[in-house]
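**Student:** Got a structure here, written out as structure tokens. Questions coming.
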Amino acid sequence: HSGTYSAKITTVALTSSSASLVIAYGIPDTMGIIVTGNISVVGVSASVKIGIPFTQRISQFQFYYEYMPNGVDTASCSVVLSHFSGGKRNTLGAGVFKTPATVSAWTQGTVNINWDSASGNPDTIVVMFSSSGLTAGSKPQVGSTMYVDDASIVTGINELNAPATNVNVYPDPASSAVYFNISGNSMAN
């Protein structure tokens with residue numbers, strides 16, 4: 001992030017044929033994204049596999065970015081760590097970073113990863129950067145641009161391991177307020 005960048009992501013309006021492919025997944029027909037994955041070409045056909053092999057339990061994903069929204073828009077970085085088991089892909093940890101603000105100098109962005117502490121290690125990571133909002137109700141703006149560089153991971157696990165027997169919730173049943181009494185874990189004080 002000292003003057004160059006690894007990725008430039010600019011929101012564009014998709015053509016009618018490509019738009020129909022993404023609309024089926026609930027994604028707007030105007031977008032700018034970059035995502036980890038592999039493209040496999042065999043003969044004249046190609047397939048895309050989202051995600052790359054990854055086996056670490058990380059606490060954060062960090063990167064540097066600049067962002068120039070075109071009007072009201074939101075850039076984001078989402079990270080999903082998963083494991084294939086029992087015939088399906090299970091999400092073990094995930095996090096998201098969003099910013100609607102113009103950022104004209106390289107700034108560090110951080111995605112804090114929230115883990116399901118009962119799960120094992122991932123086998124895949126999906127990292128997706130977007131120069132526009134992709135959620136329902138967002139209005140992606142053609143021309144919004146995000147620059148990304150120097151992505152890195154922070155190892156360690158941010159999780160609270162308090163056995164359920166040490167959590168007391170009362171009153172039960174509740175009508176207007178619920179209280180939690182957590183004991184036996186110094187992080188819970």
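**Student:** Mind ordering 77-88, 33-44, 97-108 by average Cβ neighbours within 10 Å, highest first? All intermediate terms of the calculation are to be shown ahead of the outcome.
**Tutor:** Details: 77-88: 16.0, 33-44: 11.0, 97-108: 12.8.
The densest-packed peptide leads the list: 77-88, 97-108, 33-44.
**Student:** Got a number for carbon plus sulfur as a percent of the stretch 31-96's accessible area, 1.4 Å probe? Before the final figure, lay out each step's value.
**Tutor:** Values: 2120 of 3580 Å².
Carbon plus sulfur share of accessible area: 59 percent.
**Student:** Starting from the Cα of residue 89, step 7 Å along the direction of its Cβ; do the same at residue 110; then give the gap between the two resulting points in nm.
**Tutor:** For the pair residue 89/residue 110, the computed spacing is 2.8 nm.
**Student:** Another question, then. Once you put a point 7 Å from the Cα of residue 121 and another 7 Å from the Cα of residue 96, both along the Cβ direction, what distance in nm separates them?
**Tutor:** 2.9
**Student:** Of the options 105, 44, 86, report the single residue whose Cα projects farthest towards the positive end of the charge dipole of the stretch 43-136 (beta-carbon charges: Lys, Arg +1; Asp, Glu -1).
**Tutor:** It is 86.
The values are calculated or read from the model by the stated rules, or taken from the named source; none is laboratory data. Quick caveat: nothing in here was measured; it's all calculated off a predicted structure. We place every Cβ from the backbone using ideal geometry, glycine too, and count neighbours over all the protein chains shown. To get the accessible areas, we keep the full protein, side chains included, count just its heavy atoms, and leave off ligands, DNA and RNA. Shrake-Rupley method; radii C 1.70, N 1.55, O 1.52, S 1.80 Å.
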